[in-house]
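Here is the structure we will look at.
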Amino acid sequence: MPFFLAVEYHIKHYDLEQGALEIQYIEEYFGEFPRKKTATEIVRRLEGRAHIILLATAPLPDDPGSVVPVSFKVAHEIKHPETEPKLVDLMHRLHEYVHFDGRRVLYTWIGGTRRDWRGQGFFRALTEQQELWAIEQGFDEIVVKTKNKFYDMRGTLDHLRFEVVKYERNALDNAESKVYLSKKLVPETISTHRSAKTVVQMPV
Ligand SMILES: CC(C)(COP(=O)(O)OP(=O)(O)OC[C@H]1O[C@@H](n2cnc3c(N)ncnc32)[C@H](O)[C@@H]1OP(=O)(O)O)[C@@H](O)C(=O)NCCC(=O)NCCS
């Protein structure tokens, strides 16, 4: 009989003020992305709309007494009608592929796992927690945007059962082409979840 070592993920669900600071802090560890979000930008985007800021923590391998944030995921509702210009633009690009009218749509804005902790299920655990929350909040669908060149993210979204709803070709460089994906939320979505986790509301 196969033996599986049960991993329990530790997730923190943050309020806006503290969460924005935590995200600004963890983004410093993502050297590959030059445009990092500041806490001010995060607050400005999330204020006044339903949102969720999740972080997973883990011990440092060479200093297990120190627990650090290793993975994060930030999502927010798309309002209908929407006023934020970037989201108005997103809705316009997706209007043929995602139904916004009379439905609650959650947009996964930013997220990632620090390099040394990738491939260990942290992002799946955060995604499952986000989906659980979204279903509880009455959301119907989760939308996310990436680029052709973000191979790790595309592979991950594939595993997490997101479906491509639109591909926007960049005429100069196909690697820069945008890929829009979505996942419809249904009660059965929860039965596909498999990460064991503890979730702490922050601040405690
Ligand atoms: C994409 C990213 C968030 C994945 O995080 P992670 O914590 O390593 O993901 P997980 O370990 O939770 O993996 C989740 C699933 O995706 C799969 N997966 C992870 N990385 C993958 C890759 N590079 N290729 C294919 N599948 C991958 C895992 O096998 C797992 O599938 P399973 O649960 O069915 O076994 C991480 O690689 C990252 O932060 N990359 C840089 C961020 C980025 O590309 N941003 C682009 C802007 S959108």
For a quick check, take a GNM of the chain with Cα springs below 10 Å and name the residue from LYS12, LYS73, LYS37 with the largest mean-square fluctuation. LYS37
Pop out the ³J(HN,Hα) list for the stretch 182-190 in order, Karplus 6.51 cos²θ - 1.76 cosθ + 1.60 with θ = phi - 60°, rounded to Hz; leave Gly and Pro as x. 8, 9, 7, 9, 9, x, 5, 3, 5
Straight-line reach check, LYS184, cutoff 17 Å on alpha carbons, 8 or more apart in-chain or any other chain, hits among aspartates and glutamates -> GLU77, GLU96, ASP101, GLU128, GLU131, GLU136, ASP140, GLU141, ASP158, GLU163
Divide the volume of the convex hull of the Cα atoms of the stretch 56-113 by its number of residues and quote the answer in cubic angstrom per residue. 101 Å³
Starting from one equal scatterer on each C-alpha and no solvent at all, send me the Debye-based log10 I(q)/I(0) for the stretch 9-194 at q = 0.08, 0.11, 0.12, 0.15 Å⁻¹, two decimals. -0.25, -0.48, -0.58, -0.94
Give the lysines whose C-alpha is closer than 19 Å to that of LYS149, dropping any in the same chain fewer than 8 places away, or say none. LYS36, LYS166, LYS178
Within the stretch 163-204, backbone nitrogen closer than 15 Å to the virtual label 7 Å beyond the Cα of LEU16 toward Cβ: 203
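Need one number: % antiparallel among DSSP beta bridges in the chain, to the nearest 5.
Looking only at bridges with both residues in the chain, the antiparallel portion is about 75 percent.
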Students often forget the sequence filter, so: which lysines lie under 17 Å Cα-Cα from LYS37 once same-chain residues fewer than 8 apart are removed? LYS73, LYS86, LYS145
Using helices alone, what [θ] at 222 nm do you get for the chain, with -39,500 (n - 2.57) per DSSP H run of 4 or more residues, divided over all residues and rounded to the nearest 500? -8000 deg cm²/dmol
Inter-part distance where the stretch 138-195 and the stretch 21-37 are each reduced to a Cα centre, Å: 21 Å
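All of the numbers you see were taken from the coordinates with simple rules; none came from a lab. Just so it is clear, the model here is predicted, and its values are computed rather than measured. Note that we place each Cβ from the backbone using ideal geometry, even for glycine, and neighbour counts take in every protein chain shown.
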